[in-house]
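Read through the structure below, which is laid out as structure tokens, and then see the notes.
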Amino acid sequence: MTNQGSASSLVDSPLVIDGKTYQSRLLVGTGKYKNLDETREAITASGAEIVTVAVRRTNIGQNPGEPNLLDVISPDKYTILPNTAGCYTAKDAVRTCKLARELLGGHNLVKLEVLGDQKTLYPDITETLIAAEELIKDGFKVMVYTTDDPIIAKRLEEMGCVAVMPLGAPIGSGLGIRNPYNIRMILENATVPILVDAGVGTASDATIAMELGCDGVLMNTAIAAAQNPVMMARAMKGAVECGRDAFLAGRMPRKLYASASSPIDGTFF
Amino acid sequence: MDVILNGEPKTIKSDSSILDLIQLLDLGDARIAVELNLEIVPRSEHSTIMLKAGDTLEIVHAIGGG
């Protein structure tokens, strides 16, 4: 047996974001679930340690005893990643992050997303750059949602974003990784974690992202909109782990023609 | 006096602090954040900052999102 298959070479280094170590490379959202019980069960099944939330107005005078998401997804157990979903300007995104920081007792890791329009939910890069700069200056640790443009990804990294998160396809589309070559280019240049955020539809999409060499995958709808979200969460956990292992193992080269698996020597016919 | 709370007019007693308003809304123990006239109000200042007529407040919390 060669050394290549030994136990020591089967160990992966953990994901590190802003100096904190994570065993799971799957990050999940908490939107679109039927109720908080389903949210909790799916997130447990996913094994995720970083969980995104949105910041919205509190209901005034309606259901005062209503359970709070943060009672179910406790900041003591999970790294809460507040997002700026629904923001179309840098100003709104910065304001949202400041409220999130106050809400989470000074926690300064945020997912920045500034959207361009409602139909595509594509990132508005101009506004994203403005917001990222302002947030970093204010001490935030920014994980930034962006297009799969390698030049912009590099610029966001150079500005000081702690992770760059290109889309695989539009948010909630489930179309998978539409431009794996761009993701590869982003990965080649990167010195911060690169996570595919948005576009994953099913387990194989998450595996493809990880096989490309991404440091992690962030998803919400692929789990929440599955017929059985808890089972899909478990599938995604496995898919991310499988893709990561396949990346580390290094795939065989693609060849146009066949190559026999059984030896030719010793044939008796 | 009237203030604007989460986009809606709300009548409250004069001499109300932010904490008084939070308690009036039954949000005393909730995980919330408060913004007054576009400025974040740290939790430690909720009891000392008094509201004025015409103030605009946002009270937010975390909900499900991606």
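Laboratory data are not the source of any read-out in this text; all were calculated from the coordinates shown. If you're wondering where the values come from, they're calculated on a predicted model, not measured in any experiment. Don't worry about glycine lacking a Cβ; one is built from the backbone with ideal geometry, like all the others, and counts go over all protein chains shown.
In the stretch A:205-212, the count of residues that are outside any loop (DSSP other than H, G, I, E, B) and over 29 Å from A:LYS119 (Cα atoms) is one or more. Scanning the stretch A:28-50 for residues that are part of a strand (DSSP E or B) and either at the interface with chain B (Cβ under 10 Å from one of its Cβ atoms) or of a type in the set (Gly, Ala, Ser) (or both) yields a single hit, A:VAL28.
Among the residues of the stretch A:195-204, are any in contact with a helix residue (DSSP H, G or I) (Cβ under 8 Å, 6 or more places away or on another chain), away from every other protein chain (no Cβ under 14 Å), part of a helix (DSSP H, G or I) and more than 24 Å from A:SER9 (Cβ to Cβ)? Scanning the stretch A:195-204 turns up at least one residue that is in contact with a helix residue (DSSP H, G or I) (Cβ under 8 Å, 6 or more places away or on another chain), away from every other protein chain (no Cβ under 14 Å), part of a helix (DSSP H, G or I) and more than 24 Å from A:SER9 (Cβ to Cβ). Beta carbons closer than 7 Å, at least 6 apart along the sequence or on distinct chains, pair a first residue in the stretch A:205-216 that is in contact (Cβ under 8 Å) with a residue 40 or more places away in the chain and of a type outside the set (Val, Ile, Thr) with a second that is outside any helix (DSSP H, G or I) and surrounded by fewer than 22 Cβ atoms within 10 Å (Cβ to Cβ) for A:ASP215/A:LEU15; A:ASP215/A:PRO193; A:GLY216/A:LEU15; A:GLY216/A:PRO193.
Among the residues of this structure, A:THR120 does not count as one that is among the hydroxyl-bearing types (Ser, Thr, Tyr) and without any contact (Cβ under 8 Å) to a residue 40 or more places away in the chain. Listed conditions (1) in a strand (DSSP E or B); (2) more than 7 Å from chain A (Cβ to nearest Cβ) are all met by B:ALA53, apart from (1).
Scanning the stretch B:11-50 for residues that are facing another protein chain (nearest Cβ under 7 Å) and in a strand (DSSP E or B) yields B:ALA33, B:GLU35, B:ILE40. Could we say that A:ASP245 is part of a helix (DSSP H, G or I), acidic (Asp, Glu) and surrounded by 20 or more Cβ atoms within 10 Å (Cβ to Cβ) here? When the stated conditions are applied, A:ASP245 does not pass them.
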